[in-house]
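Here the structure comes first, spelled out in structure tokens, and everything after it is commentary.
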Amino acid sequence: MNLDQLECTIALNLAEDLSSLLEEHSTSISWYEKEPKNWAFQVVFDPSLESSLRDIIQTFFKEKGLSIPEIKIDPLPKEDWVTAVYRDFPPLTIGRFYIYGSHIQETPQEEHIPLHIDAATAFGSGQHESTEGCLKALSLLSEQHAFRHTLDMGCGSGILAIAMASLWKCPVLACDNDPEAVRVTQENAHLNHLDSLVEAQVSEGFSAIKTRTFDLITANILAGPLCQMASEAVRTLAPGGFIILAGLLNRQAEDVIDAYRSAGAKLFDQLFIGDWSTLILRKHNHG
């Protein structure tokens, strides 16, 4: 598959909003700080979508009354970009977990739970601060709590679903609105010998959940969608259940906490990793 990469300069406070607009038109989106207050915004995409991407970006900046940045587009090298990510994906130790790809020969120390996750066309390798925060939050909860029915909403690679199944040997429902993420989750569950515990399905938010309830939910998405799904998410939690929320910047945390407080869940803990927050909230015991 031939892919192109678009790059432009953006202010950090605009990156997430633009990312959510481009999500459906891209294979991957990332941004990084080139120098203080100067962030590079990169989109990997199918070349047939170039004109749509340009239109969305230009409209985004025009509507905000900002000058449109220079947009650079180059073809990705012919080398398989997923293979390139494999090569650059070192093993990680996060909380109670040891995350590694197929190219890693080292075995984890006995006290860590191995998660075999291959870099792929779905988000979630442990390298992003939001995924790291979720894995640390799961490790923290495991010190005093056990769970029987868990849900990974917006599962991406399935790393959090696999982490929960590995920690508690419990059934996990993994949902994503992207069929490719569901396929990758199923593949990673198989790699970890957890096919019998991890059920993956396509779902737009909580639409496919119906009447099921869970005592633990993870949702590593974006601040906007997290706020929009607050009432459905808390309704799907069993009384006294926990929900881990990530994919939000520190400055967005209060809005997300407020949305979930209004829906009936209160803040239990907040983890900070750089500019990113991971929230652990708990539903009131009375339902």
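Structural remarks
- Of residues in segment 150-194 being modelled with pLDDT of 95 or more and charged (D, E, K, R), the one farthest from Phe214 (Cα to Cα): Lys169
Let's see how each residue does on (1) outside any strand (DSSP E or B); (2) outside the structural domain of Leu12 (by TED's automatic domain parsing); (3) surrounded by 15 or more Cβ atoms within 10 Å (Cβ to Cβ):
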{"position": "Lys34", "(1), (2), (3)": "no, no, no"}
{"position": "Glu50", "(1), (2), (3)": "yes, no, yes"}
{"position": "Ser67", "(1), (2), (3)": "yes, no, no"}
{"position": "Asp74", "(1), (2), (3)": "no, no, no"}
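- Residue within segment 127-139 that is in a loop (DSSP other than H, G, I, E, B) and either modelled with pLDDT of 95 or more or under 17 Å from the mean Cα position of the chain (by Cα) (or both) present: yes
- If the condition is being in contact with a Gly (Cβ under 8 Å, 6 or more places away or on another chain) and over 24 Å from Leu237 (Cβ atoms), then segment 188-216 contributes only Asn188.
- Residue check, Glu50 touching a strand residue (DSSP E or B) at 6+ places or on another chain (Cβ under 8 Å) and acidic (Asp, Glu): yes
- Conditions (1) within 18 Å of the chain's Cα centre (by Cα); (2) outside any helix (DSSP H, G or I); number of the one not met by Leu18: (2)
- Exclusive hit being of a type outside the set (Val, Ile, Thr), surrounded by fewer than 19 Cβ atoms within 10 Å (Cβ to Cβ) and under 18 Å from the mean Cα position of the chain (by Cα), set Glu199, Glu254, Glu232: Glu199
- Condition met for Thr213 (surrounded by fewer than 21 Cβ atoms within 10 Å (Cβ to Cβ), within 21 Å of Arg282 (Cα to Cα) and either in contact (Cβ under 8 Å) with a residue 60 or more places away in the chain or not assigned by TED's automatic domain parsing to the domain that holds Gln252 (or both)): yes
- Residue list for segment 265-281, filter: crowded, with 19+ Cβ neighbours inside 10 Å and without any contact (Cβ under 8 Å) to a residue 60 or more places away in the chain: Ala265, Leu279, Leu281
- For the condition modelled with pLDDT of 90 or more, surrounded by 12 or more Cβ atoms within 10 Å (Cβ to Cβ), farther than 14 Å from Gln5 by Cα and not hydrophobic (A, V, I, L, M, F, W, C), Gly101 does not qualify.
The values are calculated or read from the model by the stated rules, or taken from the named source; none is laboratory data. Worth saying up front: this structure is predicted, and the values here are computed from it rather than measured. Backbone-built Cβ (ideal geometry, glycine too); neighbour counts: all protein chains shown.
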